[in-house]
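The values are calculated or read from the model by the stated rules, or taken from the named source; none is laboratory data. Since this is a predicted model, take the numbers as computed values, not measurements. Cβ placement follows ideal geometry from the backbone for every residue including glycine, while neighbour counts extend to all protein chains displayed.
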């Protein structure tokens, strides 16, 4: 086990939210006396992350993902608890800490809106005090790998979202951080742009050993990238493990599509399997792989009916996660 | 070594400065308005001072004060940085906190760009028109005259440098307050009239009632217009002028310390808007 890059210990963050009931009288009353309610954005969160790990951070809106990331970035101070990133307490030594991390917040921009992309890069070079030779080498490499060559002279406001996101990712890496925080980096992107982002992040993590924490609502991001997933809901960690273990816990069933040569049978009785849905020439069966084996099921279907083709499926990851949220009553 | 320390701040200053120099249409419109307004004020004060009144300032000093005031109007800390305000509201401010720089110095560098680029764009045509074109048309009496002397000119330059420092400290304080109030409007509405009245932009401070003078000369806004322009016309000379520079410096320091303290508190309680 390599040394821990990130240690999070019983982190809690409470926000004070001003409350006001509707109506003119209450609005006036609010001028004199305000009511506040404490909202726990995250509540007693702990985990460790080894150097070079890629962690997927998943949860419904308002679960506390972004708050956690912002604390780890040194932007917010927690109400209680401790965390150490690369040997530093982020909010206590903010300047030293942020010089060594990179971050992309998918819904925000760190590029200067009115400037051409290359000028934003040069500004970041100076802000992070990157030596000129080092910068040339690094920016050339990022420009080539993210295919930014033709975008460099364009003002940021004229870029498409996909183009901008590639530039944002390059911007977050100019100073060669060892830890990268990606907060919804694929939000709003089309399929091609998503694939490009995933590909790049994967290489960065695998070939360059950069530790990555990724939050996303796109479960395909997680499927493509993360070996480890933390599911967070209402501010607490609900699960921490591999995607496979999450699947086993939430929705273990597998599905068998049976395509018939002729009309599908109106009734189908097979031990350990239930019909999920029917189509013109096919039937989808669901079964629990822990009690029923796939090949037994296929054998008994094939021996009973005239079967043209079968294929096995796992429930889509979105369904698994939706089921998981429902089980923990955290769905939105 | 020092070059390395100031590099980020210099970079952000340069970028903002270059960007602000591009707003030429706004500068042109402002130039038109300020010529008109300046001309009216010159005529009003000429009428006032024409009679047998004992004025604390000569007509020459008053006219210079008015034209310089119009030329350098944008040196006044009118308003908070609209882009920073937008960043506070949208949550993009998170990225500002991600930079390995002193947050206050970084915003101060932005403010210096705002308080140099925009005034430069406005002042250049105004000074050319009132200081060169009007005299060459034989209207020198109504235009901007030369400084009262070499000493006045040197002290004026030093005082103008301090105006930039002071005005930038004011501006940064406004920016910091926007982090707390989330909107620049309230801050702007409060500060703009104060700046216009107490700096001497509306009426030269020496022309205000005598009983107000002790207060006027020690409040921070006087260092934005009144001191340098009175130095220029020879109204503020010798040790009084040097003391005025000292007051500009002291107010700058006070505002910087105050701005830093409020920023530290505001950032510790920062809640990023919209998740």
key: Any hit, the stretch B:246-264, residues being within 14 Å of chain A (Cβ to nearest Cβ), out of contact with any strand residue (DSSP E or B) (no Cβ under 6 Å at 6 or more places or on another chain) and over 29 Å from residue B:34 (Cβ atoms)   = yes
inquiry  = Looking at the stretch B:174-183 only, could you name the residues that are in a helix (DSSP H, G or I) and either touching a strand residue (DSSP E or B) at 6+ places or on another chain (Cβ under 7 Å) or surrounded by fewer than 22 Cβ atoms within 10 Å (Cβ to Cβ) (or both)?
reply    = B:177, B:180, B:181
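With the condition being in contact (Cβ under 8 Å) with a residue 12 or more places away in the chain, more than 17 Å from the chain's Cα centre (by Cα) and assigned by TED's automatic domain parsing to the domain that holds residue A:307, I'd like the strands (runs of 3 or more DSSP E) fully within the stretch A:168-285 carrying at least 3 qualifying residues.
Fully inside the stretch A:168-285 and qualifying: A:254-260, A:273-278.
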request  = Please enumerate the residues belonging to the stretch B:107-154 that are over 30 Å from residue B:59 (Cα atoms) and out of contact with any helix residue (DSSP H, G or I) (no Cβ under 6 Å at 6 or more places or on another chain).
outcome  = B:114
ask   = Residue check: is residue A:88 surrounded by fewer than 19 Cβ atoms within 10 Å (Cβ to Cβ) and either outside the structural domain of residue A:243 (by TED's automatic domain parsing) or at pLDDT below 95 (or both)?
value = yes
request  = For the stretch B:141-155, enumerate the residues that are assigned to a helix (DSSP H, G or I) and either surrounded by 22 or more Cβ atoms within 10 Å (Cβ to Cβ) or touching a strand residue (DSSP E or B) at 6+ places or on another chain (Cβ under 8 Å) (or both).
outcome  = B:155
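Conditions (1) surrounded by fewer than 17 Cβ atoms within 10 Å (Cβ to Cβ); (2) within 14 Å of another protein chain (Cβ to nearest Cβ); (3) in contact with a strand residue (DSSP E or B) (Cβ under 8 Å, 6 or more places away or on another chain), marked per residue:
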position: B:9; (1), (2), (3): no, yes, no
position: B:23; (1), (2), (3): yes, yes, no
position: B:43; (1), (2), (3): yes, no, no
position: B:47; (1), (2), (3): yes, no, no
position: B:59; (1), (2), (3): yes, no, no
position: B:81; (1), (2), (3): no, yes, no
position: B:92; (1), (2), (3): no, yes, no
Considering residues of the stretch A:76-94 that are part of a loop (DSSP other than H, G, I, E, B) and more than 13 Å from residue B:267 (Cα to Cα) only, the residue farthest from the other protein chains (Cβ to nearest Cβ) = A:87
message = Looking at B:192, B:152, B:148, B:111, can you tell me which residue is more than 14 Å from chain A (Cβ to nearest Cβ) and within 30 Å of residue A:103 (Cβ to Cβ)?
response = B:111
request  = Identify, from the list A:273, A:261, the residue that is buried (at least 19 other Cβ atoms within 10 Å of the Cβ), on the phi < 0 side of the Ramachandran plot and touching a strand residue (DSSP E or B) at 6+ places or on another chain (Cβ under 6 Å).
outcome  = A:273
task = List the helices (runs of 4 or more DSSP H) that sit entirely inside the stretch B:22-136 and contain at least 3 residues that are more than 30 Å from residue A:67 (Cβ to Cβ).
result = B:24-50, B:59-71, B:103-128
ask   = Which one is surrounded by the fewest Cβ atoms within 10 Å (Cβ to Cβ), of the residues in the stretch A:302-318 that are part of a loop (DSSP other than H, G, I, E, B) and over 21 Å from the mean Cα position of the chain (by Cα)?
value = A:306
remark   = Result of the Cβ filter at 6 Å on the stretch A:50-75, keeping first residues that are under 28 Å from residue B:103 (Cα atoms) and at the interface with chain B (Cβ under 8 Å from one of its Cβ atoms) and partners that are modelled with pLDDT of 90 or more and part of a helix (DSSP H, G or I), at least 6 apart or interchain, is A:74/A:94; A:74/A:97; A:74/A:98
request  = Kindly list the number of the only condition in (1) within 14 Å of chain A (Cβ to nearest Cβ); (2) modelled with pLDDT under 90 that fails for residue B:28.
outcome  = (1)
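State all residues of the stretch A:124-146 that are outside any helix (DSSP H, G or I) and away from every other protein chain (no Cβ under 14 Å); if no residue qualifies, say none. So that I can check it myself, show each step before the final result.
The initial filter retains those residues of the stretch A:124-146 that are outside any helix (DSSP H, G or I), namely A:128-131, A:146.
The answer is A:146, and nothing else.
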note = Those residues of the stretch A:147-157 that are away from chain B (no Cβ under 14 Å) and surrounded by 12 or more Cβ atoms within 10 Å (Cβ to Cβ) come to a total of 5
note = Looking across the stretch A:98-123 at residues that are without any contact (Cβ under 8 Å) to a residue 24 or more places away in the chain and either under 14 Å from residue B:11 (Cα atoms) or not in a loop (DSSP other than H, G, I, E, B) (or both), the single one that is nearest to the other protein chains (Cβ to nearest Cβ) is A:123
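Per-residue answers, yes or no, for (1) out of contact with any strand residue (DSSP E or B) (no Cβ under 7 Å at 6 or more places or on another chain); (2) at pLDDT 90 or above:
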residue: A:168; (1), (2): no, yes
residue: A:174; (1), (2): yes, yes
residue: A:177; (1), (2): no, yes
residue: A:188; (1), (2): yes, no
residue: A:192; (1), (2): yes, no
residue: A:197; (1), (2): yes, yes
residue: A:200; (1), (2): yes, yes
residue: A:207; (1), (2): yes, yes
residue: A:212; (1), (2): no, yes
